[in-house]
Amino acid sequence: MITSVILNKLKSAFTDLLPIILVISFFQIVVLKQPLPQMGEVLVGGLLVVAGLTLFIQGLEMGLFPIGEAMAHGLARKGSVFWLLAFAFALGFSTTVAEPALIAVAAEAAKIAGQGGLIDPSQKALDQYAFGLRMSVAFSVGLAILIGVLRIIRGWPIHYLIIGGYVIVMLMTIIAPKEIVGIAYDAGGVTTSTITVPLVAALGVGLASTIRGRSPLVDGFGLIAFASLLPMIFVMGYGLLIFG
């Protein structure tokens, strides 16, 4: 039975990766008309990816989703809105500030800004710029999750908040320094990491299923949208502060 479950999990992971494999194979064989370089290493690497994806998905199902829902249920039953909002903010901030993609993007942005003469090219100035960028994004994600949780509690329609948020993004794009706009838009994507997404999604679903009158399907989702939206606003604000 255990072997059958493992094989089914591996098969499911391979099926998820199959479109990528087909696309790469098509362009390599049909368009470039060349065999894949280092075929042995590619095959071994592909097997490792399948195994890693299988373990990762299993870990989400066994660990992150249950703990997110359990904490949402526990905090909701405690009846303290303050602690629920505090947990939402802390969860968004902590998972984002340690996100490797954000660290890499912030460091690269600082490097390019230094080379372009926008900031002092000294290592201290580059580190300060990158740190400030990370803190801006992390704070914005924490605030975004807090607002999303408050929306679930109050029953606010999500589309009003999202549309209003993107109107602010468009207006800030007009006035923000052009050097920060692209970084701000990328910041909205790098925040949705492999750890943040399952934890936040589980928090929303668990909270919506606990509060009377809320639907997990209608109200439980949407927190990730806020986590992608607010970083754009805050990073452009950071650019106005630094470059303005």
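Where only DSSP H runs of four or more residues are counted, the chain gives -27000 deg cm²/dmol as its mean residue ellipticity at 222 nm, each run worth -39500 (n - 2.57).
Which of the three applies to the stretch 98-137, rounded, prolate or oblate, going by the alpha-carbon gyration tensor with a ≥ b ≥ c and a/c under 1.5 meaning rounded?
Values: a/c = 2.32, a/b = 1.84, b/c = 1.27.
Note, shape of the stretch 98-137 comes out prolate.
Carbon-plus-sulfur accessible fraction, the chain (probe radius 1.4 Å, protein heavy atoms only): 73%. Listed by chain and number, the lysines placed with their C-alpha closer than 16 angstrom to that of residue 124 are 111; residues fewer than eight positions away on the same chain are left out.
Classified by the C-alpha gyration tensor, the chain has an oblate form. Its axis ratio a/c, with a ≥ b ≥ c, is 1.5 or above, and a/b does not exceed b/c.
A 1.4 Å probe run over the stretch 51-183, with the rest of the protein chains in place, finds 53 Å² accessible per residue. Got a sec to turn the phi values of the stretch 217-224 into Karplus ³J(HN,Hα) couplings, 6.51 cos²θ - 1.76 cosθ + 1.60 with θ = phi - 60°, whole Hz, x for Gly and Pro? For the stretch 217-224, the Karplus-derived couplings read 6, 7, 9, x, 9, x, 5, 5 Hz, x marking Gly and Pro. Considering only 215, 166, 147, and ranking their Cα positions along the charge dipole of the stretch 129-244 that arises from unit charges at the beta-carbon of Lys, Arg, Asp and Glu, the one farthest toward the positive end is 215. With a ≥ b ≥ c the root eigenvalues of the C-alpha gyration tensor of the stretch 52-146, is it rounded (a/c under 1.5), prolate (a/b larger than b/c) or oblate? Oblate, because a/c is 1.5 or more while a/b does not exceed b/c. Please work out the FRET efficiency for the pair residue 12 and residue 120, using the Cβ-Cβ distance as r and a Förster radius of 41 Å; give the result to the nearest 0.05. Efficiency, from the Cβ-Cβ distance: 0.20. Computed from backbone phi, the HN-Hα couplings of the stretch 130-144 come to 5, 5, x, 5, 4, 5, 4, 5, 4, 5, 5, 5, x, 5, 5 Hz, rounded to whole numbers (Karplus: 6.51 cos²θ - 1.76 cosθ + 1.60, θ = phi - 60°; Gly and Pro given as x).
Using a simple charge model, +1 on the beta-carbon of Lys and Arg, -1 on the beta-carbon of Asp and Glu, nothing else, what dipole does the chain show about its Cα centre, in debye to the nearest 20?
Values: 13 positive and 11 negative charges, 118 e Å.
The dipole magnitude comes to about 560 debye.
The values are calculated or read from the model by the stated rules, or taken from the named source; none is laboratory data. Bear in mind that the values here come from a model prediction, so they are computed numbers and not experimental data. Glycine gets a Cβ as well: all are built from the backbone with ideal geometry, and neighbour counts include every protein chain shown. The protein model used for the area step is the full one, side chains on, heavy atoms only, and it has no ligands, DNA or RNA in it. Shrake-Rupley method; radii C 1.70, N 1.55, O 1.52, S 1.80 Å.
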